[in-house]
1. Specify the residue that is farthest from the chain's Cα centre (by Cα); the eligible residues are those in the range 3-40 that are surrounded by 13 or more Cβ atoms within 10 Å (Cβ to Cβ) and of a type in the set (S, T, N, Q).
2. Return the residues of the range 30-40 that are part of a helix (DSSP H, G or I) and free of Cβ contacts under 8 Å to residues at least 24 places away in the same chain; say none if nothing qualifies.
3. Would you tally the residues in the range 12-40 being under 17 Å from SER2 (Cβ atoms) and touching a helix residue (DSSP H, G or I) at 6+ places or on another chain (Cβ under 6 Å)?
Amino acid sequence: MSTVFSALGDAYLLIANGDGDPQQAFRDVATQVRNAVSGG
């Protein structure tokens, strides 16, 4: 679960700072979580 919370925290921080596109940030979260779950 730490991977999920870490990725979400990073996404929220980017969005809050205005440094990233929210949709892309959460797509990146989904990719990171999928990779972690699959052992990658």
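Every number here is computed from the coordinates shown, using simple stated rules; none is lab data. Model, not experiment: these values are computed from the prediction. Virtual Cβ from ideal backbone geometry, glycine too; neighbours counted across all protein chains shown.
1. Only one residue tops the list, namely THR3.
2. Hits for the range 30-40 are ALA30, THR31, ARG34, ASN35, VAL37.
3. 4
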